[in-house]
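Data block below; observations after.
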Amino acid sequence: MTGESRGRLGRLPGDLTHGELVDRILRVDHAGEYGAVRIYAGQLAVLGRSASAGALQHMAAQERRHLERFEQLMSERRVRPTALQPLWHLAGFALGAGTALLGERAAMACTVAVEQVIDEHYRHQAETLTSQADADETPLVETISRFRDEEIEHRDMALARGAEQAEGYEVLSAAIKLGSRLAIWLSERI
């Protein structure tokens, strides 16, 4: 069914209202930025004195700014965070520290994998919000788009720092992407 024919039919069972969609977007984006802050905390705990420390600190600072903005938006719109936040607190740090223990390139491979998933995720959200006629979400789309640009910058920085030369890059990348997609799916719903 095309979007045009679906639009003529109206909402179908299981379709989210505009408000439910925005709540889901804010909840999952907050969870993702929270997880990213924890990943960088884990990486910095291991690599805080390495040659990669400056790049990691730069990326971590941007992720903290993203998290603060989503916390503000959630408060303004009265959206609850995911119930899985305690899990992301532990899992994010463990992923960051674990990849950092494998070496600087593995930590960078983690960044590339996560940011590739987030690039797709934010692009899809911006397109979805832009295509909805229910309400003008231009400020939210601009926020998502700006953060997407910064996530792409993180990916490019990590690639420049040798991410693809990490031992077992393809397997590591695939596993992290799968975990990231699962975390997105769960955080949207729980």
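Read the figures in this text as sums done on the coordinates, not as results from a lab. On a predicted model such as this, the values are computed, not experimentally measured, just so you know.
Taking the longest Cα principal axis of the chain as reference, the axis of helix 53-77 is set at about 20 degrees. Once the Cα-Cα distance is subtracted from the 0.36 nm per residue extended length, the Ala83 to Gln57 segment shows a gain of 6.6 nm. Angle of helix 104-131 to the longest C-alpha principal axis of the chain, folded into 0 to 90 degrees and rounded to 10: 10°.
Working note: Karplus 6.51/-1.76/1.60 with θ = phi - 60° gives the range 179-190 the couplings x, 5, 5, 5, 4, 4, 4, 5, 5, 5, 9, 10 Hz, where Gly and Pro are set to x. Averaging Cα coordinates gives a centre for the range 38-62 and one for the range 128-190; these two points are 18 Å apart.
Summarised as an ellipsoid, the chain has semi-axes of 32, 17, 15 Å, derived from the eigenvalues of the Cα gyration tensor scaled by 5 and square-rooted, with the largest first.
In whole percents, the pair-distance distribution calculated for the range 34-129 from its alpha-carbon pairs, binned every 10 Å from zero, is 16, 44, 30, 10, 0.
For the chain, find the longest principal axis of its Cα atoms and tell me its angle to the long axis of helix 85-101, 0 to 90°, nearest 10. That helix lies at roughly 30 degrees to the long axis.
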